[in-house]
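The values are calculated or read from the model by the stated rules, or taken from the named source; none is laboratory data. As the structure is a computational prediction, the values presented were derived from the model and not from experiment. Please note: Cβ atoms are built from the backbone with ideal geometry, for glycine as well, and neighbour counts cover all protein chains shown. Keep in mind that these areas ignore ligands, DNA and RNA; they rest on the heavy atoms of the full protein, side chains included. Shrake-Rupley method; radii C 1.70, N 1.55, O 1.52, S 1.80 Å.
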Amino acid sequence: MLAPEISALLDGLHPLEVRVLLAFGEVPSAAEAVLREASGLDASRLSMALGWLLTKEAVRIEHETVTRRASLAEAGERYAADLVPELRILEWLAVGERLTVADLRAGRGLEPDEVSGAVGALKSLGAIRIVEGGVLEAVPGADVAEFHALQRLIASVREAGSRVMGDPATADDDRLIEQFFKKRGKAKGIFRIDEE
């Protein structure tokens, strides 16, 4: 026979809480990923059920680590299919196209803020200059390696679906992700960072 407190606790459990408790099986502790797999719950429902169980003091956190995971935001998906705006502009100029900022904003598949940001970034690196008539001109020999690295990173994240951040071996990639990530409420961004 169960003690009255335990019986009352069991009677008051939500079905999600029951699934989480059953996911523990015979072990006294389990990682969140193990519970997610064993319970069949998605991350948000598992988190919600664990929060309820923590409040009821039916479970406790023994150890907590935060894993940051990067994935592509909407703009990142577009850039994976095409190129980042800076490289697209340089490609167009490399084949001899005569372009102005107005040309880029009209019918090139770039948003006005993407055009402004890309032209500004390329000008500050000395990769382009604006000549008579507002025409953009490529400057040979400019170091645009950062944009090529960004494009490779976008392709890599797209292929993997996401990537864990925080490995010292990929610190340069992490810096690029941080520089171009989508903050909550921010309209644009190449990457999304979630914490688990």
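Note that the range 1-132 presents 62 Å² accessible area per residue, ligands and nucleic acids not counted, probe 1.4 Å. Accessible area of Asp143 (1.4 Å probe, protein heavy atoms only, ligands and nucleic acids ignored): about 110 Å². Hey, if you drop one equal point scatterer on each alpha-carbon of the range 61-196 and run the Debye formula without solvent, what base-10 log of I(q)/I(0) do you get at q = 0.11, 0.21, 0.22 Å⁻¹? Here log10 of I(q) over I(0) equals -0.45, -1.26, -1.34. Overall, the accessible surface of the chain at a probe of 1.4 angstrom is composed of carbon and sulfur to the extent of 52 percent. When the charge dipole of the chain is built from unit charges on Cβ atoms (+1 for Lys and Arg, -1 for Asp and Glu) and taken about the Cα centre, the candidate among Leu21, Ala94, Leu50 whose Cα reaches farthest toward its positive end is Ala94.
What number do you get for the range 9-56 when its Cα radius of gyration is normalised by 2.2 N^0.38 Å, N = residues?
On the way: Rg = 9.8 Å, N = 48, 2.2 N^0.38 = 9.6 Å.
Normalised Rg, Cα atoms only: 1.02.
Among bridges DSSP assigns within the range 41-196, what percent are antiparallel (round to 5)? Antiparallel bridges: around 90 percent, rounded to the nearest 5.
With both labels modelled 7 Å from their Cα along Cα-to-Cβ, the Arg105 to Ala142 distance reads 1.9 nm.
Could you size up the charge dipole of the chain around its Cα centre, putting +1 on the beta carbon of Lys and Arg and -1 on that of Asp and Glu, and report it in debye to the nearest 20?
Numbers: 24 positive and 33 negative charges, 102 e Å.
In total the dipole reaches around 480 debye.
First measure r as the distance between the Cβ atoms of Val34 and Ala94, then evaluate 1/(1 + (r/R0)^6) with R0 = 45 Å and state the FRET efficiency to the nearest 0.05. If you can, show how the numbers build up before the last one.
Numbers: r = 51 Å, r/R0 = 1.14.
According to the calculation, E is roughly 0.30.
May I ask you to compute the full-extension gain from Arg60 to Glu74, defined as 0.36 nm times their residue separation minus their alpha-carbon distance, rounded to one decimal in nm?
Value of the extension gain: 1.3 nm.
A dipole drawn for the range 130-192 from +1 and -1 charges on Cβ atoms has a positive end, and of Pro168, Ala149, Phe181 the residue lying farthest that way is Phe181.
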